[in-house]
1. Scan the range 94-101 and give yes if some residue there is surrounded by fewer than 18 Cβ atoms within 10 Å (Cβ to Cβ) and either farther than 15 Å from residue 3 by Cα or modelled with pLDDT of 85 or more (or both), otherwise no.
2. Considering only residues that are free of Cβ contacts under 8 Å to residues at least 12 places away in the same chain and either farther than 20 Å from residue 105 by Cβ or touching a helix residue (DSSP H, G or I) at 6+ places or on another chain (Cβ under 9 Å) (or both), which ones fall in the range 1-23?
3. Please state which one of 32, 48, 42 is part of a helix (DSSP H, G or I) and out of contact with any strand residue (DSSP E or B) (no Cβ under 7 Å at 6 or more places or on another chain).
4. Taking the condition of being surrounded by 16 or more Cβ atoms within 10 Å (Cβ to Cβ), over 30 Å from residue 51 (Cβ atoms) and modelled with pLDDT under 90, how many residues in the range 106-124 meet it?
5. Which one of 16, 39 is modelled with pLDDT under 85, within 26 Å of residue 115 (Cα to Cα), within 16 Å of the chain's Cα centre (by Cα) and buried (at least 18 other Cβ atoms within 10 Å of the Cβ)?
6. Kindly establish whether residue 57 is without any contact (Cβ under 8 Å) to a residue 40 or more places away in the chain and more than 17 Å from residue 129 (Cβ to Cβ).
């Protein structure tokens, strides 16, 4: 599986379906999971995920928000999937494009990525997504 460097809906990110490759690039602890970014709510459901009925409204209309349900983090980010390379996958693991605890370094990222997708606006570090833990009764903002 390839590692893709691209501008995501939030910031510059590495995307891949191989979490072990991302873990190696980031020098990240194996017990820290990655966010799974889906191209649509339909793709999320096809991956055998369920959303509490009381929270479906928030997820359908979310922008730049990551949700945690039962210790699994995910985001629906169809707007960032403007490349045919990315559209070929219904989901990818996602992480910010940097070494753990460091800022974006283009040279480092280009060395680690198999594919680089960049538009005229370029790659730019921005704030990460908001993070919410949800269950059937409530939604709690974590970040």
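The values are calculated or read from the model by the stated rules, or taken from the named source; none is laboratory data. Fair warning: this is a prediction, and the values are worked out from it, not measured in the lab. For neighbour counting, all protein chains shown are included, and Cβ atoms are generated from backbone atoms with ideal geometry for every residue, glycine included.
1. Going through the range 94-101, the residues surrounded by fewer than 18 Cβ atoms within 10 Å (Cβ to Cβ) turn out to be 99-101.
Among the residues that remain, those that are also either farther than 15 Å from residue 3 by Cα or modelled with pLDDT of 85 or more (or both) are: 100-101.
Taking every residue of the range 94-101 in turn, at least one turns out to be surrounded by fewer than 18 Cβ atoms within 10 Å (Cβ to Cβ) and either farther than 15 Å from residue 3 by Cα or modelled with pLDDT of 85 or more (or both).
2. Filtering the range 1-23 down to residues free of Cβ contacts under 8 Å to residues at least 12 places away in the same chain leaves 20, 23.
The answer is 20, and nothing else.
3. Numbers: 32 fails: part of a helix (DSSP H, G or I); 48 fails: part of a helix (DSSP H, G or I).
Selected residue: 42, the only one of 32, 48, 42 that is part of a helix (DSSP H, G or I) and out of contact with any strand residue (DSSP E or B) (no Cβ under 7 Å at 6 or more places or on another chain).
4. Keep residues of the range 106-124 that are surrounded by 16 or more Cβ atoms within 10 Å (Cβ to Cβ), which gives 109, 112-113, 117, 123.
This time we only want the ones that are over 30 Å from residue 51 (Cβ atoms), so: 109, 112-113, 123.
Now narrow it down to the ones that are modelled with pLDDT under 90: 123.
Qualifying residue count, the range 106-124: 1.
5. Details: 16 fails: modelled with pLDDT under 85.
Among 16, 39, only 39 is modelled with pLDDT under 85, within 26 Å of residue 115 (Cα to Cα), within 16 Å of the chain's Cα centre (by Cα) and buried (at least 18 other Cβ atoms within 10 Å of the Cβ).
6. Values: without any contact (Cβ under 8 Å) to a residue 40 or more places away in the chain: yes; more than 17 Å from residue 129 (Cβ to Cβ): yes.
In short, yes.
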